[in-house]
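Asker: Here it is, the structure in full.
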Amino acid sequence: MELAFSLLTGAITAAGVALLLRGDRFRVVLGIGLLGYAANLFIMASGGMLVGRPPLMDVTTDPARAADPLPQALVLTAIVIGFGMLAWLIALALRAGAETPEGKPSSKEPGS
Amino acid sequence: MNFTWLPWLALFGALLPGPLRRLRIDPALVAGAVATLGLGLLIRTTPEVVVLGQTLKSSVPWVPSLGLAISLRLDGLGFLMCGLILGIGLLVVLYARYYLKPEEATGRFYGPLLAFMGAMLGIALSENLLLLVVFWELTSISSFLLISFWQFSTDARRGARMALTVTGLGGLALLAGVIWIGQIVGSYELTQVIEHADVLKAHPHYPAVLCLVLLGAFTKSAQFPFHFWLPHAMAAPTPVSAYLHSATMVKAGVFLLARCYPFLAGTELWFYLVTITGMLTLLIGSFLALFQNDLKGLLAYSTVSHLGLITLLFGLDTDLAPKAALLHLLNHAVFKASLFMAAGIIDHETGTRDLRRLSGLFKPMPVTATLAIVAAASMAGIPLLNGFLSKEMFFTETLDADDIFGRSWILPVGATLASVLSVAYSVRFVRQAFFGPPATGLEKTPHEPPRWLRVPVELLVLLCIAIGVAPALLVGDLIHAAASACVQGELPPYTIALWHGFNTPLVMSIVALIGGILVYARRERLFRGVEARLSVSQGRRAFEGIVAALVGSSQRLERALRLDQVTTHLRGLLACAVLVSAWLLLPALARVSPTNTSGDLVLWVLCGVALFALAGVLLKSERPLTAIVYSSIVGLAVTLTFAYLSAPDLALTQLLVELVAILLLLAAVPHFGLPPRDKRSSPVRALDGALALGVGGAVTIGCWLMLSTDVASISRYFLEKSVPLGQGNNVVNVILVDFRGFDTFGEVTVLAIASLGILALFDHLAQRQAPSDLRPRTPLFLQSVTKLLLNLALLTAVFLFLRGHNAPGGGFIAGLTAAVGLVFVYQARNPTGAPARRPASMSRWLAAGVLLAALPGVAAMLFGRAFLTAGHVHLPLPLVGEVHLSTVLVFDLGVFVVVVATVLAILPTLGRLPLGKPTAEEER
């Protein structure tokens, strides 16, 4: 099952990178979204993999057997912040799109 | 208060002039008070430091892991520097008060001036070498701000940039040198470094270290070939020139030589590098000074030459050379500051500094003229003035020093020649400004300056005479203490005196005097044609050439590598990431043997679904709606993975975020336009494919390695203490709101900032209402259903919120649930995109949420507990059962409000953007 999980994470990353490299605004937004999934899965992996043992002390009463709660707490805020950042990215892309002629992002400031 | 307050006093004072100006307090008063207070603190240490020759130390750790400490020391050398910085600083403040126009004398002048004073005091007092470098850079920056004080002038801006580039470059070299010293010695503390001087000097890297440190010293003290920035820095207001560019900042370089003297000097390399640089600077500076028509230009090149003289002395290997150098450091500061101030008075009262236009000023301004003549005489080295004393010592030391290149005559002859030139330009300064026929065609009629503008000059000139007549009495102890601290050892007995008998140095002085007057008298015949060739500074031309070449080659490189494309940078970054990962991961892969390779059907199915959906995203990315649907399938697969792997909270959060994110993307799609077709050439496409696979492979391997390695987790603590300490069964939630509440607080703030940023980005559209009759109305059915749905969603949110501490739920999840309900209602009621309420009002809700989250934290502090410490109450409620109420609930409520407000701020804003580009009117 480690392999399946790793492949899942890696495949999402690869697709995200492929979209990023296309360079247009829509694909970059989509690619960053995918990379967000992959990053969260990767952080989850640092806590190991346990099935059916959530870190709820009334369900899994033995602390030694419960899933690692720390990566979960990290990922939980990361998901919400990831959403905030995705929104911010979309807003930036839309605003920039209104100001640069092409849809492609450029390192040059507009007008230079 | 003791001496350690000195730098901080001035640095803190730098913050005051701006605010105090609103209270109508003269900023000069603040600056003067700081300097006076500092001087008082310094003088109080005289008995220990100057009379007994002790070294006072104090140390506070700053970044111990880097060896960086705020450790200060006050010894004779530091005392001398501090005295100059504070004493001349006080006079300069007084002078500037009457020199600058009232509207110029603001915090923008006194702020950087005080910052400079503090930084300079820091350099003089640093025991830690890294700390010294920090202050060193601060002087460069404050000098930049002060040179460019008259921002409207091109010369000022150019001069400031040049000074910052040259001294900043030197500062970097110094930093490298200091770090290297720390690596060799094992400590950055001066005391330790001095103790290990032999190790340092014997080290094979010593030459490199020496060159780096000297580069720092030479750029700061305007030594050849870096001397060119100093004359251009004269675009600064005259008080700045008098203070920074003659008396103190440029002395930082020679001060560094004095500081490093015990552990870097005494080698052949030091002797040759420092002596020759000093000699060249001395000669070039005094030669060029002869041809300057700007009063301040003449003084600037003269400063360059005198700095060369001090450097030269530090290079020599005689016992008394450092003493002579320090005496001249003091003397030069005194007479040159007074000369700059006198030049400023002339500028102020005649409207020009051009020596070709000035003439016969003795008659209209006799007092100023007399003062300037005395100071110039000191500069030329006339007996009974302080300049004479150090010049005599200088001659003595050049005679006593080792032969350079096997010739004993080079140093004394060079010294005499430089003195001849020095006398010549001093005579020229006096003769052309003050004597001859009265000047004509000046903007102002020359007259004596206001009383207080002249007082600082009077005091300094008085000091010139006093030191010149009674040196041993006035500065004997001070210079002795400073020189002892400089060499860190015993000095041979020597009394600074006016008369040492009729000896060779005296002959050299007489030769210099007579020769200088002759050179001035016959200058036109001697230097015919030289002047025209020197009109443009060679140094500036070279500097600007180098800068232009650097900029040009960067631009060519940018064009050649297509660096204007973001994707180019991305490819480079990713390629590096893949290479580094391969280098790190592949060897590790060989070492790990997988412990558990059992197949697990659920995860494989999820993985298969995700792969299918990813292929869909990639292949259908030209059709945005399809791509979004595929991407959300990936999101659902991730959600299910979370649910399967014992993370119910994550699954809930991910599911809700997925819902909102789809709405967000759908709202944005019409504005993106159709994604362009693939226009990449096939090699680039192959490269991109390889990069994507490489990064994906690296993540796969990394993930697999992490999963196959047993790592001791720190989470046992949270699992065990969650119920007893946090009173909650849901450990994830307890971590979020209690154990790591401060992190969550930061994250909520970030979320609020992101939404505020989005609101700000589209602020110009806030007033715009989309026409409501352009799009079809929503079916009534949908409107009724959403109303029901909203109530359900809100109820669920309350439920999830309250139980969050013990079961999956909490502020984030409840917030998202409520937001989803509200968004559906919004979509149903406003298909046209015109919101019922301006989303800008959400900014208040965002702020309220953040404040609410902070509330229990601050409350805990009021009870004397740490920020965000929780308090608990258990409350039995009908129907719901026993509810656990605690202050974390308030915190979680803050999280809830921020999440709801974020979603409600973002979605309507993006949803009602006009299609197409905003018109010019909307932009406004």
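Asker: Looking only at the stretch B:687-722, which residues are charged (D, E, K, R) and either outside any helix (DSSP H, G or I) or surrounded by fewer than 16 Cβ atoms within 10 Å (Cβ to Cβ) (or both)?
Answerer: B:Asp710, B:Arg716, B:Glu720, B:Lys721 - these are the residues of the stretch B:687-722 that are charged (D, E, K, R) and either outside any helix (DSSP H, G or I) or surrounded by fewer than 16 Cβ atoms within 10 Å (Cβ to Cβ) (or both).
Asker: Condition check: crowded, with 17+ Cβ neighbours inside 10 Å and among the aromatic types (Phe, Trp, Tyr). Does B:Phe543 satisfy that?
Answerer: It is true that B:Phe543 is crowded, with 17+ Cβ neighbours inside 10 Å and among the aromatic types (Phe, Trp, Tyr).
Asker: Restricting the stretch B:608-626 to residues that are within 7 Å of chain A (Cβ to nearest Cβ), in contact (Cβ under 8 Å) with a residue 24 or more places away in the chain and part of a helix (DSSP H, G or I), which is surrounded by the most Cβ atoms within 10 Å (Cβ to Cβ)?
Answerer: Within the stretch B:608-626, the match that is surrounded by the most Cβ atoms within 10 Å (Cβ to Cβ) is B:Ala610.
Asker: Determine, yes or no, whether B:Leu725 is closer than 19 Å to B:Thr887 by Cα, modelled with pLDDT under 80 and in a helix (DSSP H, G or I).
Answerer: yes
Asker: Give all pairs with beta carbons closer than 9 Å in which a residue from the stretch B:393-412 that is under 27 Å from B:Ile479 (Cβ atoms) meets a residue that is among the aromatic types (Phe, Trp, Tyr); count only pairs at least 6 apart in sequence or on separate chains.
Answerer: What qualifies is B:Met393/B:Tyr494; B:Ala401/B:Phe271; B:Asp402/B:Phe271; B:Ile404/B:Phe271; B:Ile404/B:Tyr272; B:Pro412/B:Phe395.
Asker: Mind listing whichever residues of the stretch B:657-679 are modelled with pLDDT of 90 or more and more than 7 Å from chain A (Cβ to nearest Cβ)?
Answerer: Result: B:Glu658, single match.
Asker: Scan B:Lys220, B:Lys201 and give me the residue that is in contact (Cβ under 8 Å) with a residue 40 or more places away in the chain and more than 30 Å from B:Asp294 (Cβ to Cβ).
Answerer: On inspection, the qualifying residue turns out to be B:Lys201.
Asker: Just a yes or no: is a residue in the stretch B:552-560 part of a helix (DSSP H, G or I), surrounded by 16 or more Cβ atoms within 10 Å (Cβ to Cβ), of a type in the set (D, E, K, R) and not assigned by TED's automatic domain parsing to the domain that holds B:Leu473?
Answerer: no
Asker: Right, something else. Please indicate, with yes or no, whether at least one residue in the stretch A:60-68 is free of Cβ contacts under 8 Å to residues at least 40 places away in the same chain, more than 16 Å from B:Val737 (Cβ to Cβ), more than 7 Å from chain B (Cβ to nearest Cβ) and not in a loop (DSSP other than H, G, I, E, B).
Answerer: The answer is yes, given that some residue of the stretch A:60-68 is free of Cβ contacts under 8 Å to residues at least 40 places away in the same chain, more than 16 Å from B:Val737 (Cβ to Cβ), more than 7 Å from chain B (Cβ to nearest Cβ) and not in a loop (DSSP other than H, G, I, E, B).
Asker: Here's a check for you: in the stretch B:730-752, which residue that is touching a residue at least 12 places away in the same chain (Cβ under 8 Å) and farther than 14 Å from B:Val888 by Cα is surrounded by the fewest Cβ atoms within 10 Å (Cβ to Cβ)?
Answerer: Filtering the stretch B:730-752 for residues that are touching a residue at least 12 places away in the same chain (Cβ under 8 Å) and farther than 14 Å from B:Val888 by Cα, the one surrounded by the fewest Cβ atoms within 10 Å (Cβ to Cβ) comes out as B:Thr749.
Asker: Here is a follow-up. Any chance you could count how many residues in the stretch A:23-59 are at the interface with chain B (Cβ under 7 Å from one of its Cβ atoms), assigned to a helix (DSSP H, G or I) and over 14 Å from A:Gly82 (Cβ atoms)?
Answerer: 4
Asker: Quick one: which residue in A:Thr77, A:Thr13 is facing chain B (nearest Cβ under 7 Å) and in contact with an Asp or Glu (Cβ under 7 Å, 6 or more places away or on another chain)?
Answerer: Answer to the selection: A:Thr77.
Asker: Of all the helices (runs of 4 or more DSSP H) wholly in the stretch B:176-230, which have at least 3 residues that are buried (at least 23 other Cβ atoms within 10 Å of the Cβ)?
Answerer: Qualifying helices (runs of 4 or more DSSP H): B:206-220.
Asker: Among the residues of the stretch B:30-42, which ones are free of Cβ contacts under 8 Å to residues at least 40 places away in the same chain and exposed (fewer than 15 other Cβ atoms within 10 Å of the Cβ)?
Answerer: B:Gly40 - this is the single residue of the stretch B:30-42 that is free of Cβ contacts under 8 Å to residues at least 40 places away in the same chain and exposed (fewer than 15 other Cβ atoms within 10 Å of the Cβ).
Asker: Please find, among B:Pro437, B:Pro364, B:Pro446, the residue that is over 26 Å from B:Gly468 (Cα atoms), in contact with a His (Cβ under 7 Å, 6 or more places away or on another chain) and of a type outside the set (Asp, Glu).
Answerer: After ruling out the rest, the residue left standing is B:Pro364.
Asker: Picking from B:Gly689, B:Gly673, which residue would you name as being at positive phi and not basic (Lys, Arg)?
Answerer: B:Gly673
Asker: Of all residues in the stretch B:127-142, count the ones that are under 12 Å from the mean Cα position of the chain (by Cα) and acidic (Asp, Glu).
Answerer: Matching residues across the stretch B:127-142 total 1.
Asker: In addition: Can you say whether B:Ala651 is part of a helix (DSSP H, G or I), surrounded by fewer than 17 Cβ atoms within 10 Å (Cβ to Cβ), modelled with pLDDT of 90 or more and touching a Leu at 6+ places or on another chain (Cβ under 8 Å), as far as the supplied structure shows?
Answerer: no
Asker: Continuing with this model, one more query. Working only within the stretch B:722-731, note down all residues that are at the interface with chain A (Cβ under 8 Å from one of its Cβ atoms), in contact with a Phe, Trp or Tyr (Cβ under 9 Å, 6 or more places away or on another chain) and of a type in the set (A, V, I, L, M).
Answerer: Hit for the stretch B:722-731 is B:Val731, nothing else.
Asker: Another question, if that's okay. Could you pull out the residue among B:Leu15, B:Leu37 that is closer than 28 Å to B:Glu103 by Cβ and either part of a helix (DSSP H, G or I) or acidic (Asp, Glu) (or both)?
Answerer: Just a single option satisfies the conditions, and that option is B:Leu37.
The values are calculated or read from the model by the stated rules, or taken from the named source; none is laboratory data. As the structure is a prediction and not an experimental result, all values here were calculated from the model. Reconstructed Cβ throughout: ideal geometry from the backbone, glycine too, with neighbour counts over all protein chains shown.
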